[in-house]
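Enquirer: Can you read through this structure? Questions will come right after.
What follows draws every value from the coordinates through simple rules; no lab data is involved. All values derive from a computational prediction rather than experimental measurement. Every residue, glycine as well, gets a Cβ built from its backbone with ideal geometry; the counts of neighbours run over all protein chains shown.
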Amino acid sequence: MSPPQAFRWIKTECGRAKYVDLASRNGIAAKLRLGWFVVIAAARDLQVPNPD
């Protein structure tokens, strides 16, 4: 199984774990929170080198 495409932007281990947790939730509010999380996490991880 290949990693999600969002892992290109989310580079920290804790951020990736949180992404997996949020992606497993159902509902519109959960999907909105997931989208918001990806935007914020990607902005924070811009300077972090990609571990892959």
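Enquirer: Cut-off 10 angstrom, C-alpha nodes, Gaussian network model of the chain. Which of GLY35, GLY15, GLY27 fluctuates the most?
Expert: GLY27
Enquirer: For the chain, what is the relative contact order in percent, using Cα pairs closer than 8 Å and at least 6 residues apart in sequence? If you can, show how the numbers build up before the last one.
Expert: Details: 34 pairs, mean separation 25.3, N = 52.
Dividing the mean separation by the residue count of the chain yields 49 percent.
Enquirer: Separate question: Give the Rg/Rh ratio for the chain, taking Rg as the radius of gyration of the Cα atoms and Rh as the Kirkwood radius, to two decimals.
Expert: Reported Rg/Rh, Kirkwood definition of Rh: 0.97.
Enquirer: Quick check on the exposure proxy: order ILE28, ILE40, ILE10 from fewest to most C-beta atoms within 10 angstrom. Could you put the intermediate results ahead of the total?
Expert: Details: ILE28 7, ILE40 12, ILE10 23.
Exposure proxy ranking, most exposed first: ILE28, ILE40, ILE10.
Enquirer: For the Cα atoms of the chain, what angle does the longest principal axis make with the long axis of helix 13-23, in degrees from 0 to 90, nearest 10?
Expert: Taking the Cα atoms of the chain, the angle to 13-23 is about 20 degrees.
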